[in-house]
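Worksheet for the structure shown next.
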Amino acid sequence: MTAAATSHRADPLESAHLSFARVLRSEWIKFTTVRSTPWTIGVTILAMVGIALLGAISLAATADMVASGEIPADAGVPDFGPRDGTEMLNLGWIFGQIVITVLGVLTITGEYSTGQIRSTLAAVPTRLPVLWAKALLVAVVAFVTGLVSVAISYAATLPILDPHGAVPDLGDGETIRVLLGVPLYLTMIALFALGIGALLRHAAAGISAVLGLLLMLPLLGQFITVEWFQDIAEYFPMSAGSMITTYATDGPHLSPWEGFGVLAIYVVVIMAAAAVLLRRRDA
């Protein structure tokens, strides 16, 4: 009996062994107690729903003007249908990705700015579980935020689009893919931003880098008409990844899932680099 007691006392932290579940719980507490988290999520949802409403109102107004004769029937304005309504509903991702970028970057850089990262890595000497826990959190939050935004947008635009026959057809598989493409795209953008933030370890630099890669590269494609640049333009992160949020078109372009796969490759490479440097660099 004495030997058993001695054996038990020899390992006083037996019940406190580190596990990924414990790391995840710790990261969840940090994630949910930072003021920027609920604000970021709230702003994302409000912005995406607001933009969807504006798009639906614009579509309805145009349809009414055609019906009343203010816009001639031969002016080239197409008859609106469910696909047009879906595209209006999905417009919010353009702004939503900006706010999600901030969330992804701050999830990691916030700890570097306060110095808390030293305590975090001291508690988790292997380091990588911290990065994977943060990645899982931002991925889930980004997906749910996008999903909620699309659901609310659908409900909010329904009475506006219904009189014009432009309500998204939820019985169409392609439409479901387009609608789910928004949360899937935002999930990848959140991970992309987290990886860049882990590499640069500075909030302003991380946000600037991500938004530059997402927004500036496609903009350059509109001005640089060199053939080789145009050929690679569709492989830029936003250009490729956002294809999942639109209907497939005919032509020599990436398919929606191929474009999403290109964005996923960017994410994997950046997260792998972040993991390597997290292990090698000092906190």
Inset, instruction - Choose one of LEU219, HIS202, PRO256: the residue whose Cα lies farthest towards the positive end of the charge dipole of the chain (beta-carbon charges +1 Lys, Arg; -1 Asp, Glu; about the Cα centre). - result: HIS202
Legend entry - Exposed trypsin sites (Lys or Arg not before Pro) absent: longest stretch of the chain, with sites in DSSP loops and at most 13 other Cβ within 10 Å deemed exposed: 36-280
Legend entry - Cα-derived Rg over Rh, computed across the stretch 136-213 with Rh taken as Kirkwood radius: 1.14
Inset, instruction - Would you mind working out the accessible area per residue for the chain, using a 1.4 Å probe, and quoting it in Å²? - result: 52 Å²
Inset, instruction - Would you kindly work out the equivalent ellipsoid of the chain from its C-alpha gyration tensor and give its semi-axes, the square roots of five times the eigenvalues, largest first in whole Å? - result: 44, 22, 16
Inset, instruction - Can you tell me which of 50-59, 143-152 comes out highest on packing, and rank the rest after it, using the mean Cβ neighbours within 10 Å? - result: 143-152, 50-59
Legend entry - Apportionment of accessible area to carbon and sulfur, the stretch 59-199, percent (1.4 Å): 66 percent
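The values are calculated or read from the model by the stated rules, or taken from the named source; none is laboratory data. Keep in mind that what you see is a predicted model, and the values were worked out from it rather than measured. Positions of Cβ are backbone-derived with ideal geometry, glycine not excepted, and every protein chain shown enters the neighbour counts. These area figures cover heavy atoms from the full protein model, side chains too; ligands, DNA and RNA do not enter into them. Shrake-Rupley method; radii C 1.70, N 1.55, O 1.52, S 1.80 Å.
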